[in-house]
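Beneath this line is the structure, given in structure tokens, with notes to follow.
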Amino acid sequence: MPPHLDGLDEVPWLDHSSVLELDELPTSFVVLGGSYIGLEFAQIYARRGAAVTVIEPSGHLIGREDPEISEAVADLLVGEGIRLCLGMEPTSVRSEGSDPAGGGGDVVVSLADGTEVRGAALLVAAGRRPNTDDLGLDTVGVEVDDHGYVVVDDVFRSTAPGVYAVGDVNGRGAFTHTSYQDHEILLDHLRGGSRTVAGRRTTYALFTDPPLGRVGMSEGEARRAGHRVRTTRCRRPTSRSPRSRPRPPGW
């Protein structure tokens, strides 16, 4: 979902789909948005040799995570040479040159503090909006909220009888794992079971390397929900994980 940014409509920019269609590696790569999709592609392109800058207007990456988790991910990315511009609001964007999407030109993002960030390609990863505008949902009584998500109850019933909405379109998770679990909850409901989305433990992953996995609430979410929280931390180097060990020849 592109942000309201002066000049954005006048420059070629990439989203999570069109970025996969590039057939040449940009020498420099600017990512607008420091969350899941933005960070995954930032690391991919940095490891292939592009100079990558991530712009995140808030004070830290992946804002739904606890600060110490966000800081650990930031340290990982900075250690790989990725430049982070945190807490800097983009104000405008312009192109300089004839081909800012693939080489021979630049996309220039101006920030509120006067800084300019240049790159041969710009990935806009500022969130996604469901494509519900042209489905005619209002003609059958299916309500959507202000963000375009279908309004559902705890078993994914919409406001129209017999119509259910699962996956990214309902705004109850928008992750691969939660979307998959939606169908399990719905099937259980249709078979007379008692499972609801209110009772699930949210599961998702950030597919950087190493990846970040999340099951259930973060510490901050638990405290905001009024729970008494006891925390335990176990710091274990990634090198101790079997996944990080070199494969033997012929594996």
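Quick notes on this structure:
- Total residues in region 19-76 satisfying the condition of being under 20 Å from GLU116 (Cα atoms) and either acidic (Asp, Glu) or not assigned by TED's automatic domain parsing to the domain that holds ALA120 (or both): the figure is 1.
- Filtering region 124-164 to residues that are within 30 Å of PHE41 (Cα to Cα), of a type in the set (A, V, I, L, M, F, W, C) and in contact (Cβ under 8 Å) with a residue 40 or more places away in the chain leaves VAL124, ALA125, ALA126.
- Tally of residues being touching a helix residue (DSSP H, G or I) at 6+ places or on another chain (Cβ under 9 Å) and farther than 15 Å from THR196 by Cα across region 170-180: 2
- Of all residues in region 41-69, those that are at pLDDT below 95 and among the hydroxyl-bearing types (Ser, Thr, Tyr) total 1.
- Residues within region 46-80 that are free of Cβ contacts under 8 Å to residues at least 24 places away in the same chain and under 19 Å from PRO90 (Cβ atoms), tallied: 1
The values are calculated or read from the model by the stated rules, or taken from the named source; none is laboratory data. Because the structure is predicted, anything quoted here is derived from the model rather than measured. Glycine gets a Cβ as well: all are built from the backbone with ideal geometry, and neighbour counts include every protein chain shown.
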